[in-house]
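Notes follow once the structure below has been shown.
Each value in this text was obtained by applying a stated rule to the coordinates, not by laboratory testing. Since the model is a prediction, treat every value here as computed from it, not as a measurement. Virtual Cβ from ideal backbone geometry, glycine too; neighbours counted across all protein chains shown.
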Ligand SMILES: Nc1ncnc2c1ncn2[C@@H]1O[C@H](COP(=O)(O)OP(=O)(O)OP(=O)(O)O)[C@@H](O)[C@H]1O
Ligand SMILES: [Mg+2]
């Protein structure tokens, strides 16, 4: 097997001086694939994503046996090293592009500036040309017009495309997308997913796709990590989800609507210690 892009062994993350154990013994590796992370709100999905970028607040206590990105030991990497990785070798796409795009800068200039940051010797006209090319690559139809607009002048879907363009211009090896389509309506969501799909394939990226929507993850990703209460309870190929053995995954699957059957209600999980022990979970505090 080729060297994984990301390799995490036994990651533990706590907040509140160790009181809140947000991530408990998480292990996984990422290759050139679409890896989904699914789980209920508060299960630790975003915390894992931010830990890889070293974007957790200073109060977070992070321990792991191993946390590597390619040749980089993320546990030892200092801020200077992370500056060469964040947004450059690993891109982060969040739910709402409004918070990630600079509101007082035109779209084209922002993307060009990102390019210039990574290629300081490139000329001004060349960087702007690169920005337009990238807007075209994310299927924005009239890049020259859109490049002149400010973030508040474009739709959510267009903003997300602009965000993806800004991430891609740095030619990252890994993309972490945290609920990237949750704020979009269904048709735009499908377009953004198709775009991500194509980009992963064409640019040999590794994608970590975080969502609480199992149906979406199942249809979009190659492999799925199911998180519950800070732990990875199951890792499955997306096509094998029906073979899930953990009751949480089974409950999620049962709650998905199908054409034949109305959706079952997501069973209320018994959080009593015996049940959790049975499935190697710890009682929530
Ligand atoms: N900065 C922080 N300080 C204290 N606790 C935090 C902090 N960030 C996250 N947590 C806690 O860590 C746990 C995991 O949070 P996280 O945001 O990773 O969940 P999530 O799976 O991404 O949820 P959602 O689906 O709602 O985005 C939660 O209990 C949360 O309250
Ligand atoms: Mg989250």
- request: Report whether or not residue 75 is farther than 27 Å from residue 131 by Cβ, surrounded by fewer than 16 Cβ atoms within 10 Å (Cβ to Cβ) and more than 16 Å from ligand 1 (Cβ to nearest atom).
  value: yes
message: With the condition being without any contact (Cβ under 8 Å) to a residue 40 or more places away in the chain and within 16 Å of ligand 1 (Cβ to nearest atom), I'd like the helices (runs of 4 or more DSSP H) fully within segment 147-262 carrying at least 3 qualifying residues.
response: none
task: Inspect all residues belonging to segment 84-100 and state whether any of them is free of Cβ contacts under 8 Å to residues at least 40 places away in the same chain, within 16 Å of ligand 2 (Cβ to nearest atom) and at positive phi.
output: no
query: Before we move on, is residue 59 closer than 24 Å to residue 228 by Cα, more than 13 Å from ligand 1 (Cβ to nearest atom), without any contact (Cβ under 8 Å) to a residue 60 or more places away in the chain and touching a strand residue (DSSP E or B) at 6+ places or on another chain (Cβ under 7 Å)?
result: no
query: outside any loop (DSSP other than H, G, I, E, B), in contact with a helix residue (DSSP H, G or I) (Cβ under 9 Å, 6 or more places away or on another chain), touching a residue at least 12 places away in the same chain (Cβ under 8 Å) and within 30 Å of residue 42 (Cα to Cα): does that describe residue 108?
result: no
message: Within segment 14-34, does at least one residue satisfy the condition of being over 30 Å from residue 194 (Cα atoms), touching a strand residue (DSSP E or B) at 6+ places or on another chain (Cβ under 8 Å) and more than 16 Å from ligand 1 (Cβ to nearest atom)?
response: no
